[in-house]
Every structure is written in structure tokens, then in C-alpha cells.
Amino acid sequence: MRIVVGIAFAGFLGAISRYGVGFLFPRADSGDFPWATLFINLSGSLLLGALAGLLIRRRAPVWFGEVAGTGFLGAFTTFSAFNGQLWQMCQQQAYAAASIYALLSMLGGWGLAAAGLAWGRRGAS
Amino acid sequence: MKSIWLAGLVGVGGSIGALMRYGISRATVASRKPAYYGTLLVNLAGSFAIGMFIGFELESEHVAEYAFYGIGILGGLTTYSTLNVQKVTMLRQERGRVLVYYLAATYVGGFGLTAAGAGLGYLLHT
């Protein structure tokens with residue numbers, strides 16, 4: 001039960017943080033590159049990798065993994081917005097930008113999650 | 001500015017979305033299915049729904065509803081960090097075939113469902 005409350009609270013913070021980061025980047029209204037979502041998804045993948053590494057080494061309690069990983073980072077990162085933006089970029093025939101966005105998200109997030117996992121397993125200090 | 005009010009809607013929606021994702025993840029584990037089944041389900045469902053919202057032009061016509069359902073619930077329900085950690089894990093465990101199917105189902109399926117949702121949304125909207 002405490003984990004459920006923790007995930008609800010962390011999900012609130014994760015979504016608000018995602019909304020807030022949107023204001024730090026130029027608005028992705030009209031065919032602009034969705035820098036904010038890219039930043040969110042890449043940084044979230046790095047952090048979840050590091051958290052997974054810490055959990056493997058049992059350097060973090062399981063409840064913390066659920067609250068910070070499933071709750072905060074899960075709500076912070078988004079797959080629906082990624083596909084929505086990709087669709088809108090294709091609608092505006094910005095195919096080159098859409099391809100770059102898709103590749104950076106797919107491969108960059110993968111690489112950063114791997115780097116985060118290696119970092120978390122080895123220990124940050 | 002009413003952006004504080006909108007941020008609150010995003011937060012509450014994100015909370016609900018995260019709880020839904022957690023519930024689906026628990027149900028996946030309980031039914032002895034691999035964890036990525038749950039991730040795939042939330043990501044595909046969220047991709048279809050965001051397509052519908054785009055078709056309905058929710059973002060420009062109903063700002064508060066879009067903040068709650070689109071940015072909040074769907075953003076909280078879907079996840080990209082878990083997907084990337086799963087890709088790393090599958091590669092490490094040399095489950096190459098599962099990885100290829102998972103990538104195809106996630107990216108091709110997700111984009112296709114967004115397109116289908118948008119098409120359906122446009123039809124219902126007009």
C-alpha cells in the first residue's frame with residue numbers, strides 16, 4: 001500500500017517535471033524539433049539504467065526502485081508524445097527531422113540506458 | 001496565468017497514468033507473463049489514444065482536457081525509460097529474436113496505431 005501511495009506521488013512529480021521541461025525548450029508547435037521530449041526520454045533512460053544497476057547491486061531498496069523508477073521516471077518519460085510528435089512531423093512532411101528524431105530516440109535512449117546501467121553497477125563514487 | 005492550474009491537471013493525470021501502468025505491470029507478473037508484455041500494452045494503447053486526441057484536435061480546442069488526458073494520463077501511462085532498459089537487458093541476455101520482435105511491435109506498432117488513431121479521430125471529429 002505504501003508503494004502505491006509512493007507511485008501516485010512520484011507519478012505526479014514525474015508528469016509535472018515533464019510539463020515543466022517543456023517550457024525550458026523552444027515550443028515544438030509548427031514543425032519545430034521536439035527537443036524537450038527528446039531530452040526527457042534520453043535523460044530518463046540514463047537515470048533508469050543507473051537505478052537498475054544500483055538495484056542489481058542491492059545498493060537501493062526495492063520500494064525506492066518502484067517509486068523512483070516506475071513512479072517518477074516512468075511518468076517523466078513518454079512514448080505517446082514521441083509517437084504523436086513523429087506523426088505530426090510526418091503530417092508536415094518534415095521527414096528528415098522525423099527520421100533524425102526517431103533515430104536519436106531509439107538509439108540514443110538505448111545507449112544511455114546501457115551507460116547508466118554500467119555506471120550504476122560499478123558505483124558512482 | 002492559469003498554467004499552475006494546468007500543471008495540476010497534468011500532475012493528477014500523471015499520477016493516475018502511473019498507477020494504471022503499475023497495476024498492469026503487477027497483473028503481468030501475476031499471470032507469469034514476461035514484464036515487457038505489460039510495457040508493450042501500455043505503450044501501444046497510449047499511442048493509439050494520443051493519435052485519437054490529435055485527430056480530435058484536442059490540444060488546440062480543449063486545452064485543459066488535453067493537459068489532463070493527453071499530457072497527464074497518457075504521458076504517465078506510457079514510458080520510454082523502461083523500454084530502453086528492457087532493450088539493454090534483452091541484448092545482454094542474448095535474446096536477439098525477442099528483441100527484434102519487441103522493437104518491431106513497439107516502434108512499428110506504436111507509430112501505426114498513432115496513425116490509425118489520428119485517422120479515426122479526424123473521421124469522428126468532422
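The values are calculated or read from the model by the stated rules, or taken from the named source; none is laboratory data. This structure is a prediction, so every number in the text was calculated from the model and none was measured. For neighbour counting, all protein chains shown are included, and Cβ atoms are generated from backbone atoms with ideal geometry for every residue, glycine included. The protein model used for the area step is the full one, side chains on, heavy atoms only, and it has no ligands, DNA or RNA in it. Shrake-Rupley method; radii C 1.70, N 1.55, O 1.52, S 1.80 Å.
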> Can you name every residue in the stretch B:85-108 that is surrounded by fewer than 17 Cβ atoms within 10 Å (Cβ to Cβ) and either touching a residue at least 40 places away in the same chain (Cβ under 8 Å) or more than 10 Å from chain A (Cβ to nearest Cβ) (or both)?
Replying inline: B:Q93, B:E94, B:R95, B:G96, B:R97, B:V98, B:V100, B:Y101, B:A104, B:A105, B:V108
>> Quick check on the stretch A:88-125: of everything there that is buried (at least 20 other Cβ atoms within 10 Å of the Cβ) and hydroxyl-bearing (S, T, Y), which residue is nearest to A:L46 (Cα to Cα)?
In response: A:S105
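The rows are residues; the columns are (1) more than 18 Å from B:T28 (Cβ to Cβ); (2) outside any helix (DSSP H, G or I); (3) among the aromatic types (F, W, Y); (4) in contact with a Cys (Cβ under 9 Å, 6 or more places away or on another chain).
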residue	(1), (2), (3), (4)
B:G51	yes, no, no, no
B:G72	yes, no, no, no
B:Q86	no, no, no, no
B:E94	yes, yes, no, no
B:Y101	no, no, yes, no
B:Y122	yes, no, yes, no
> under 17 Å from A:G84 (Cα atoms), among the β-branched types (V, I, T) and part of a helix (DSSP H, G or I): does that describe B:T106?
Replying inline: yes
>> When you scan the stretch B:1-20, do you find a residue that is outside any helix (DSSP H, G or I), more than 7 Å from chain A (Cβ to nearest Cβ), open to solvent by 50 Å² or more (accessible area, probe 1.4 Å) and among the hydrophobic types (A, V, I, L, M, F, W, C), even just one?
In response: yes
> If you scan the stretch A:10-33, which residues turn out to be open to solvent by 40 Å² or more (accessible area, probe 1.4 Å) and within 7 Å of another protein chain (Cβ to nearest Cβ)?
Replying inline: A:F12, A:I16
>> Could you tell me how many of the residues in the stretch A:81-115 are among the small types (G, A, S), over 12 Å from the mean Cα position of the chain (by Cα) and within 8 Å of chain B (Cβ to nearest Cβ)?
In response: 3
> What single numbered condition from (1) more than 10 Å from every other protein chain (Cβ to nearest Cβ); (2) assigned to a helix (DSSP H, G or I); (3) at pLDDT 95 or above fails to hold for B:R32?
Replying inline: (2)
> A:A36 fails exactly one of the following numbered conditions: (1) open to solvent by less than 50 Å² (accessible area, probe 1.4 Å); (2) facing chain B (nearest Cβ under 10 Å); (3) within 25 Å of B:I16 (Cβ to Cβ). What is the number of that condition?
Replying inline: (2)
>> Filter the stretch B:28-43 down to the residues that are closer than 16 Å to A:G74 by Cβ and of a type in the set (A, V, I, L, M) and list them by number.
In response: B:V29, B:A35, B:L40, B:L41, B:V42
